[in-house]
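Colleague: Following this message is one structure expressed as structure tokens.
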Amino acid sequence: MVDFRQPTALFRVTSGLFMAALATTHAAEKLDFAKDVRPILSNRCFKCHGPDEGTRKGKLRLDLREAATGEGKSGEIAVVPGKPAESEFVKRLHAEDPDDRMPPASAKMELSDNEKKILERWIAEGADYQPHWAFVAPKNTGTHSIDEFIGKKLAAGNLKPSPEANKYQLIRRVSLDLTGLPPSPEETAAFINDTSPDAYGKLVDRLLASPHYGERWTRRWLDLARYADTNGYEKDRERQIWPWRDWVIRAINDDMPFDAFTVKQLAGDMLPDASADDITATGFHRNSMLNEEGGNDPLEFRYHAMADRVSTTGTTWLGLTLGCAQCHTHKYDPILHTEYFGIMAFLNNADDIQQDLPDPSLPAKEAARAEQAEDLITALPSKWPLEKQPDADWSTPSLASASSASGEKPKIKSDQSAVFTTQGAEKDTYELILNGNASGADRLRVEALADPDIASGGPGRTGHGNFVLSEIEVFSRPKGAAGDWEKITFSKADAEAQQSGYPVAAAIDGKPDTGWAVQVEGGSLKKNRSAVFHLTKPQPPGDREFKVTLAQNFGGHHTIGGVRISFGKPLSNPTQDLPENERRQQAVDTAFNQWLAKARAETVPWTFIKPVTLE
């Protein structure tokens with residue numbers, strides 16, 4: 001289980017091999033062949049005494065232990081393990097005669113004194129060879145964890161790890177990592193409220209059991225398999241290989257053992273009593289590109305497809321670049337030229353049979369789904385911009401009346417907004433009377449709206465659409481009461497757009513010559529803007545009447561065009577106590593989940609997750 005609490009733990013997935021190298025010991029311990037010795041041999045010796053027969057001098061090979069030490073059946077003996085003074089290899093390093101010294105002067109690869117000492121010490125320690133790390137099975141030392149290695153490096157740099165993630169950060173990290181989807185508010189609240197010691201383990205188990213887990217992690221396998229829904233090359237026509245994709249999703253969700261996962265994809269059709277599902281699994285190697293150009297030679301491009309399949313098999317299952325051995329025996333990996341074509345021969349025995357699916361309704365479904373997907377993708381950005389997301393449970397009281405000090409009468413619309421349509425007075429003060437129950441509300445939102453009825457387009461009434469809200473004051477009293485108004489005070493304010501020198505806090509500072517404006521660099525003025533003013537104390541229960549005055553003293557028609565007032569109370573989950581940026585992020589996640597649920601409900605249903613039946 002990957003624990004995302006500590007930021008250092010995030011390195012586990014991608015940097016295990018790198019961090020393992022930190023455990024390599026140095027001067028006082030035995031040399032590491034791969035790190036200390038092989039680089040010297042590779043840079044100074046292998047050109048003439050390495051794996052390439054075409055450039056090898058004499059019969060000496062230094063890339064293989066049995067050849068260098070004479071353990072093989074042929075070749076010159078250069079290294080006597082444990083005895084550097086008796087090793088011809090060492091003698092040649094220190095030969096006084098330039099014709100005998102190695103590397104020769106003509107090669108211009110003279111060894112430094114330190115490199116010579118390393119080679120002598122290596123032979124004295126037994127001249128051990130180690131294969132490339134890719135051929136060495138990893139071992140658990142049982143003594144150090146990845147975080148301990150990272151902790152030592154941080155300490156060496158006088159650095160400290162970031163604080164432990166809070167529970168909201170934790171559930172979001174692990175949800176995105178395991179399913180690719182953000183958590184819902186209900187899931188987040190349940191995890192935050194779960195104080196049991198195994199709360200995180202239960203969360204991970206739930207995510208691993210989700211069908212979205214397979215969808216998320218199948219993407220990695222599809223990349224290895226070079227999955228595509230078209231054939232490639234110049235015509236690039238569509239191909240129907242989605243049944244194999246869905247087989248992989250099912251296999252991952254079913255936790256299929258990796259050996260079965262491998263066998264079915266490479267030779268599922270050769271299993272005894274192979275099922276339709278087993279045959280579908282062999283789609284792994286049907287992802288090669290297909291050339292349908294009229295003048296191509298089918299046999300030529302079958303060869304290219306086979307070379308692609310050999311290469312993909314090597315990189316996916318062996319972690320090797322088999323492609324080098326297509327032209328010659330591999331110089332640095334133990335892959336022979338003949339072995340490459342032996343692997344190709346296995347793959348070349350298969351016929352690429354075209355298997356039609358028995359569902360005649362698929363073409364119509366695919367066309368409808370493609371059209372709907374295009375519409376949904378186009379609509380996505382407008383459904384959840386950050387500035388439009390609520391960070392509270394908002395309600396808009398009914399707008400009883402709206403007026404201005406200049407005498408201008410606004411339009412009152414059905415969405416409870418007041419819209420001042422003309423450019424209006426140079427300066428002005430609006431008064432809005434509202435009725436509603438704001439019980440428990442701890443904030444008030446002012447929306448400056450970009451309405452098409454406004455001469456400038458809004459939200460402000462200058463020619464360019466900006467405004468300056470100098471001061472906001474709010475009063476309330478029980479509905480129907482004729483008594484005095486009670487002033488509502490504010491503790492702070494925030495807004496999603498604030499012009500430099502005109503912060504939203506200036507609208508509640510009691511100074512009539514300051515104010516909030518919204519012209520930000522790179523931002524459009526022709527869009528809705530909003531500010532939230534936090535109340536000093538929550539509103540009492542019951543129906544009340546509210547009076548809101550908006551003073552706009554800047555001049556030059558910097559007045560608001562469309563305006564709407566709402567009250568908000570904390571969301572009904574524990575994440576309300578999170579920092580503002582995290583609450584806003586959760587709001588975006590919530591909107592995305594809502595969009596995704598709507599998209600799934602509106603699209604043509606598929607049966608892909610069920611096994612495919614072939615005729």
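Colleague: Only one of (1) of a type outside the set (Gly, Ala, Ser); (2) within 29 Å of His330 (Cβ to Cβ); (3) modelled with pLDDT of 85 or more fails for Lys91. Which number is that?
Modeller: Of everything listed in (1) of a type outside the set (Gly, Ala, Ser); (2) within 29 Å of His330 (Cβ to Cβ); (3) modelled with pLDDT of 85 or more, Lys91 misses just condition (2).
Colleague: Determine the pairs where a residue that is under 20 Å from Pro131 (Cα atoms), located within segment 311-325, has a partner that is among the acidic types (Asp, Glu) and in a helix (DSSP H, G or I) with Cβ atoms under 9 Å apart, the partner being 6 or more residues away or on another chain.
Modeller: Sorted first by the residue in segment 311-325, then by its partner, the pairs are Leu322/Glu339; Ala325/Glu339.
Colleague: Okay, moving on. How about segment 302-330: which of its residues are open to solvent by 30 Å² or more (accessible area, probe 1.4 Å), touching a Leu at 6+ places or on another chain (Cβ under 8 Å) and at pLDDT below 85?
Modeller: The one that is open to solvent by 30 Å² or more (accessible area, probe 1.4 Å), touching a Leu at 6+ places or on another chain (Cβ under 8 Å) and at pLDDT below 85: Thr329.
Colleague: Just give me the residues in segment 102-140 being farther than 18 Å from Phe89 by Cα and surrounded by 13 or more Cβ atoms within 10 Å (Cβ to Cβ), in sequence order.
Modeller: Across segment 102-140, the qualifying residue is only Gln130.
Colleague: Here is a further query. Out of everything in segment 567-615 that is crowded, with 17+ Cβ neighbours inside 10 Å, among the β-branched types (Val, Ile, Thr) and within 27 Å of the chain's Cα centre (by Cα), what residue ends up being modelled with the lowest pLDDT?
Modeller: Among those that are crowded, with 17+ Cβ neighbours inside 10 Å, among the β-branched types (Val, Ile, Thr) and within 27 Å of the chain's Cα centre (by Cα), it is Thr575.
Colleague: Let me ask you something else. In segment 229-277, how many are assigned to a loop (DSSP other than H, G, I, E, B), open to solvent by less than 40 Å² (accessible area, probe 1.4 Å) and in contact (Cβ under 8 Å) with a residue 60 or more places away in the chain?
Modeller: Residues that pass the stated criteria total 1.
Colleague: Let me ask something else. Of the conditions (1) modelled with pLDDT under 75; (2) open to solvent by 70 Å² or more (accessible area, probe 1.4 Å); (3) assigned to a loop (DSSP other than H, G, I, E, B), Pro381 clears all except one; give me its number.
Modeller: Unmet for Pro381, out of (1) modelled with pLDDT under 75; (2) open to solvent by 70 Å² or more (accessible area, probe 1.4 Å); (3) assigned to a loop (DSSP other than H, G, I, E, B): (3).
Colleague: So in segment 534-565, with the set limited to residues that are of a type in the set (Gly, Ala, Ser) and over 12 Å from Val474 (Cα atoms), which one is surrounded by the most Cβ atoms within 10 Å (Cβ to Cβ)?
Modeller: The selected residue is Gly561.
Colleague: Just the residues that are modelled with pLDDT of 95 or more and touching a Pro at 6+ places or on another chain (Cβ under 8 Å), please, taken from segment 502-542.
Modeller: Selection gives Trp516 alone.
Colleague: Okay, next question. Which pairs have Cβ atoms under 9 Å, sit 6 or more apart or on different chains, and link a residue in segment 117-133 that is on the phi > 0 side of the Ramachandran plot to one that is open to solvent by 70 Å² or more (accessible area, probe 1.4 Å)?
Modeller: From residues that are on the phi > 0 side of the Ramachandran plot, the pairs are Gly126/Lys30.
Colleague: List pairs: first in segment 27-50 and open to solvent by 80 Å² or more (accessible area, probe 1.4 Å) and modelled with pLDDT of 90 or more, second part of a helix (DSSP H, G or I) and of a type in the set (Phe, Trp, Tyr), Cβ under 7 Å, 6+ apart or cross-chain?
Modeller: Here the result reads none, with nothing in segment 27-50 linked to a residue that is part of a helix (DSSP H, G or I) and of a type in the set (Phe, Trp, Tyr).
The values are calculated or read from the model by the stated rules, or taken from the named source; none is laboratory data. Because the structure is predicted, anything quoted here is derived from the model rather than measured. As a convention, Cβ positions derive from the backbone with ideal geometry for all residues, glycine included, and neighbour counts pool all protein chains shown. We work out accessible area using only protein heavy atoms, side chains counted, and drop any ligands, DNA or RNA first. Shrake-Rupley method; radii C 1.70, N 1.55, O 1.52, S 1.80 Å.
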